[in-house]
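For reference, the structure discussed in these notes is given below.
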Amino acid sequence: MKRCKIAAISAYLPERVVSNDELEQLIQPSLTQGILEKLFGIKERRFARADEQVSDLASQAAAPLLESIEPSQIDLLIFAAASADLIEPATANIIQQKLGLQCPAMDIKNACNSFVTALQTASAFIQSGIYQNILIVTGEKLSDAINFKIQDEEHLRRSMAAMSLGDAGTAVLVTPSEDESGLYFQRFMTAGDHWQLCTIQGGGSMHPRDASKNYFEGKTALLKDVILQEAGQFLRESLEASSWESDNIQHLATHQVSMQTFPLIAKAMGIPTEKAIKVFEKYGNTAAASIPLSIYEAWQSGQLQKGDRLAMIGLAAGISASLQLMIW
């Protein structure tokens, strides 16, 4: 069966660096100093400019890749993110115009698992022979989902997880593999009974005109317990179903919601924690950009080398989880 690979990868990070101290003062001066680092392990994050759109973050990330491939050779553009410019049209249409592409374009939205879902979709298109060169872009402007007007202690508890959010854009070029590199295994799961644990409720038919619903809120402690129970077993069973042994996996790229995520996921997979690619301290929770941003940082730093075995673990509100195994 024809495999697909990530042939090129890039990222874009907004210029503004926001420290914990600045954010704590913006949200509620009475917050205990250092509480965000204590709770999440985050030190800073990036915020986009007010006039910088989700499509701008994605387009800026993709621009370097288009210097090495003719735009006419891109067969399909997929925008994959929790964020969007508008409800209609698809944000991919706006990115297509900004990049000067002529190919078909679509959005794929699956919360923080949007990128890994798009990667699975791209691999199916390539295996079927429908498309050859697929550009997947993410743009997450999550700073817009942080509520800076906290009403009371209960509201603070529901909103606390949003304070770890950050903005970023990423882009990957997915092509057929002509050697040993590429995706070797993919498996996904969804447990929709738990969709209410983390939400941004505005912008849809449930609350079409209530601006107070446009912010991220979550019961993160409950979500963590559910993910450990549901996704932990799923990940162990998925790894057993693959032909790979945990000892042979050299890198672990997972969605990053806190520094405490890594040991929990690594334990579930039987992989040493030090194999996890960690960018959370610098960038926070960048939703669907988390995994490609981690891979990009590891590739740029030389931590990830050609031929290395990489496990990508998707975790998202909803809830959903995924395991993808790739030789880089």
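The values are calculated or read from the model by the stated rules, or taken from the named source; none is laboratory data. The model shown is predicted, which means the values in this text are computed figures rather than measured ones. Counting neighbours? That spans all protein chains shown, and the Cβs are built from the backbone with ideal geometry, glycine included. SASA here: full protein model, heavy atoms, side chains in, ligands and nucleic acids out. Shrake-Rupley method; radii C 1.70, N 1.55, O 1.52, S 1.80 Å.
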* Which trypsin sites (Lys or Arg not before Pro) does the range 133-184 hold that lie in a coil by DSSP with at most 16 other beta carbons within 10 Å? -> K149
* Asked: Using a ≥ b ≥ c from the Cα gyration tensor of the range 86-149 (square roots of the eigenvalues), is it rounded, prolate or oblate, where a/c under 1.5 gives rounded and otherwise the larger of a/b and b/c decides, a/b for prolate?
  -> oblate
* **Cleavage-rule hits, chymotrypsin sites (Phe, Trp or Tyr not before Pro), the range 122-152, DSSP coil, Cβ neighbours within 10 Å at most 11** => none
* Asked: In deg cm²/dmol and to the nearest 500, what is the mean residue ellipticity at 222 nm of the chain if only DSSP H runs of at least 4 residues count, each as -39500 (n - 2.57), divided by the residue total?
  -> -9000 deg cm²/dmol
* Once you have a ≥ b ≥ c as the square roots of the Cα gyration tensor eigenvalues for the range 279-328, tell me rounded if a/c is under 1.5, and otherwise prolate or oblate according to whether a/b is larger than b/c. => oblate
* **Accessible surface of the chain [probe 1.4 Å, protein heavy atoms]: carbon and sulfur percent** => 48 percent
* **Sparsely packed GluC sites (Glu not before Pro) within the range 241-328, loop by DSSP, other Cβ within 10 Å at most 12** => E245
* **Debye intensity ratio I(q)/I(0), log10, the chain, q values 0.07, 0.09, 0.11, 0.14 Å⁻¹ (C-alpha model)** => -0.26, -0.44, -0.66, -1.10
* Compute the label zone of V226 within the range 181-212: residues whose backbone N is under 15 Å from the point 7 Å along Cα-to-Cβ. => 189-201
* To do: Using Cα centres only, tell me the gap between the range 24-75 and the range 147-193 in whole Å.
  => 12 Å
* Ranked highest first by the average count of other Cβ atoms within 10 Å around their residues, in what order do 10-16, 58-64 fall? -> 58-64, 10-16
* Structure fact -> In terms of the alpha carbon gyration tensor, root eigenvalues a ≥ b ≥ c, rounded if a/c is under 1.5 and otherwise prolate when a/b exceeds b/c or oblate, the range 210-328 is oblate
